[in-house]
Amino acid sequence: MYLPRFAFEKPTSLKEASSLLAEKAVKSALLAGGTDLLPRMKYGVADPERLISLKGLGASAPKVLPEGDLILDGASTLSSLASSPEVAEKAPLLAAAAGRVATREIRNIATLAGNLCQDTRCLYFNQRHTFQFMEPCFKRGGDFCYFIPKGKKCWAVYMSDTAPALVCLGAKIQVEGGGAGALLDLEALYSGDPLHPLTIGSDTIISGIRVPPAGGIRGWAFSKLTSREGMEFGALNIAVLLETGKDPGTCTRARIAVGAVSPAPARALKSEGSLVGEPFAPELLAEAARQVAEEVTVTPHHGYSKWYLTRALEVEALNALTRAVNQLTGGR
Ligand SMILES: Cc1cc2nc3c(=O)[nH]c(=O)nc-3n(C[C@H](O)[C@H](O)[C@H](O)COP(=O)(O)OP(=O)(O)OC[C@H]3O[C@@H](n4cnc5c(N)ncnc54)[C@H](O)[C@@H]3O)c2cc1C
């Protein structure tokens, strides 16, 4: 598979990158690590005329502000975040999720902002459509779905591993360009529409990610279910973040976010609510895990059925909740 022809720019400042992106005469796309965008260009599902590389801007190392916020550069590679002492101390949940993306080779060039802005995926969409699939599907601008041929909508799913972790951490993103220097809740980045999964325009750059400090003592877990534990996107992933006050046995705040089973990371709000104010007990965790599987509507994808994913979600939720609680209580 060959890349189509494209023009290339490598600005050296955010301002220069923003003004290049704002030029409407040529269809441009940001290029970070390229591990999501370049394969899409090869499959013929992304067709920018010009790539604007962010490599000339460099990436600042993670830093912790005096008030405790963790500041991350959107251009940081996933491997640098997985091994950063600042991330390990302030957001180990993110370090764990970043370390589970793809393979070491990919993590060495793939960036955090690129991971958050990756497109939704489908077994039939992420292919060259030269001879097997002639009709354009919904996501290619047609009105057909190869996955559910009688379906009336697109079933592509959003598969970032870092997004559920950052959603649990209450992260905000710094956007430049279209949104002119605004700080947005990460959850607001996602539209829930598989055709256009992001709410920001293609003229917008995510320059940084801000993770607020912990409100209490934390227990966390990240689980990613794959069939081979290899270079794979998840069948599903789940991030859990629990906080307690002085009593390590009672939850004061809970965040649960599920990825890879819908067009956006999905919060399990009812399950989160069921944990708050309650002492951790095996029955409470089992009921919270059951609730996660009930409230998160799972999209079947990549050969995994809805039945399988729903049951696997309950198992992974219980596993993640138990690990998070064990961190808080020392397994007592
Ligand atoms: C074999 C393989 C396995 C993979 N496995 C996984 C996996 O397990 N989990 C997972 O989450 N992902 C996986 N991926 C997808 C991809 O590698 C990651 O999502 C990666 O983090 C994308 O980052 P990137 O820097 O390469 O993004 P790019 O490909 O450079 O960009 C991705 C998108 O984000 C936009 N973008 C990039 N930077 C910015 C910015 N600063 N502001 C605004 N928009 C921006 C680009 O324009 C593009 O649309 C896999 C990819 C491959 C090829």
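The values are calculated or read from the model by the stated rules, or taken from the named source; none is laboratory data. What you see is a predicted model, and the numbers here were worked out from it, not measured in a lab. All Cβ positions, glycine included, derive from the backbone under ideal geometry; neighbour counts span all protein chains shown. Remember, those area values only see protein heavy atoms, side chains included, never the ligands or the DNA or RNA. Shrake-Rupley method; radii C 1.70, N 1.55, O 1.52, S 1.80 Å.
With respect to (1) open to solvent by 40 Å² or more (accessible area, probe 1.4 Å); (2) out of contact with any helix residue (DSSP H, G or I) (no Cβ under 8 Å at 6 or more places or on another chain); (3) at pLDDT below 95, the lone exception for E105 is condition (3). Would region 141-158 turn up any residue that is part of a helix (DSSP H, G or I) and at pLDDT below 95? For region 141-158, residues part of a helix (DSSP H, G or I) and at pLDDT below 95: absent. In this entry, V87 passes the filter for residues that are within 25 Å of L166 (Cα to Cα) and touching a Pro at 6+ places or on another chain (Cβ under 9 Å). Within region 116-129, residues that are at pLDDT 90 or above sit with their Cβ atoms under 9 Å from residues that are in a loop (DSSP other than H, G, I, E, B) and among the β-branched types (V, I, T), at 6+ positions apart or across chains, in these pairs: C117/I200; Q118/T35; D119/V45; F125/V45; N126/V45.
Among residues of region 41-52 that are at positive phi, those with a Cβ under 7 angstrom from a residue that is surrounded by fewer than 14 Cβ atoms within 10 Å (Cβ to Cβ), sequence gap 6+ or separate chain, pair up as G44/R128. Just one residue in the set L186, L195, L236 is at pLDDT 95 or above and closer than 25 Å to W307 by Cβ; that residue is L236.
Just one of the numbered conditions (1) surrounded by fewer than 17 Cβ atoms within 10 Å (Cβ to Cβ); (2) in contact with a helix residue (DSSP H, G or I) (Cβ under 6 Å, 6 or more places away or on another chain); (3) of a type in the set (A, V, I, L, M) is not true of I217: (2). Of all residues in region 58-78, which are under 20 Å from the mean Cα position of the chain (by Cα) and either over 13 Å from R210 (Cα atoms) or within 13 Å of the ligand (Cβ to nearest atom) (or both)? Hits for region 58-78 are A59, L72, D73, G74, A75, S76, T77, L78. Selection over region 85-98 of residues that are open to solvent by 30 Å² or more (accessible area, probe 1.4 Å) and either closer than 25 Å to A235 by Cβ or near the ligand (Cβ under 8 Å from one of its atoms) (or both) gives a count of 2. Taking the condition open to solvent by 50 Å² or more (accessible area, probe 1.4 Å), modelled with pLDDT of 95 or more, touching a Lys or Arg at 6+ places or on another chain (Cβ under 8 Å) and not charged (D, E, K, R), does V276 pass? Answer is yes for this residue.
Restricting to region 175-206, what's the tally of residues that are within 16 Å of the chain's Cα centre (by Cα) and not aliphatic (A, V, I, L, M)? Residues in region 175-206 being within 16 Å of the chain's Cα centre (by Cα) and not aliphatic (A, V, I, L, M): 10 in total.
Against the condition away from the ligand (no atom under 11 Å from the Cβ), under 30 Å from E243 (Cα atoms), open to solvent by 40 Å² or more (accessible area, probe 1.4 Å) and aliphatic (A, V, I, L, M), how does A82 come out, does it pass? Criteria met by A82. Residues of region 198-214 that are farther than 20 Å from A95 by Cβ and open to solvent by less than 70 Å² (accessible area, probe 1.4 Å): L198, I200, G201, D203, T204, I205, S207. Selection within region 9-31: residues that are over 15 Å from V175 (Cα atoms), in contact (Cβ under 8 Å) with a residue 40 or more places away in the chain and within 11 Å of the ligand (Cβ to nearest atom). The member of this set that is surrounded by the fewest Cβ atoms within 10 Å (Cβ to Cβ) is A29. Can you name the residue in region 23-56 that is part of a helix (DSSP H, G or I) and of a type outside the set (S, T, Y) and is also farthest from N126 (Cα to Cα) among such residues? Filtering region 23-56 for residues that are part of a helix (DSSP H, G or I) and of a type outside the set (S, T, Y), the one farthest from N126 (Cα to Cα) comes out as G56.
Selection of region 53-68 for residues being touching a residue at least 40 places away in the same chain (Cβ under 8 Å), open to solvent by 20 Å² or more (accessible area, probe 1.4 Å) and over 23 Å from S13 (Cα atoms) yields only E67.
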